[in-house]
Amino acid sequence: MALLAEGGCYIREPSASLAAWCLGLSAIAAGGLLVLGLFTPFVGLIVGVGAAGVVLSLFPACTPNVFDSKPAFIFALTMLLTVIGSGPGRYSVDARMFGRREIIIPPREFQSEH
């Protein structure tokens, strides 16, 4: 949802350049795909690279920036890595198309030390 808000901020800037419009539209598209749970790992990777580009000043930042501080960026990046690592949710499009990912933790083998 923060990505959708960030994309809206890019588009609503009074003197938005072509690069700002492209970033805004791609942020809205990526945010929508993440909310739907479609192509989650791929979109998450692209969003991570784009967010790092904004923080490192490779891409222009919008005026009311949602990720305006380094702690906010680190928190968002942590959440993004969690979404990428855990995969789609129960009601996501990816889960319907490709099946749910199940993580099985095997029981620990106890060895007797005599």
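Values quoted throughout were computed directly from the atomic coordinates according to the rules given, and no laboratory measurement underlies them. Fair warning: this is a prediction, and the values are worked out from it, not measured in the lab. Because the Cβ atoms are built from the backbone with ideal geometry, glycine has one as well, and the counts that use them run over all protein chains shown.
At-a-glance table
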{"read-out": "Which of Leu58, Leu33, Leu45 has the fewest Cβ neighbours within 10 Å, and the rest in rising order", "value": "Leu58, Leu45, Leu33"}
{"read-out": "Computed lengthening from Ile46 to Leu77, 0.36 nm per intervening residue step minus Cα-Cα distance", "value": "10.0 nm"}
{"read-out": "Semi-axis lengths (Å, descending) of the ellipsoid that matches the C-alpha gyration tensor of segment 2-89", "value": "21, 14, 10"}
{"read-out": "Label-point gap, in nm, between Phe98 and Leu18 - each point 7 angstrom along Cα→Cβ", "value": "3.4"}
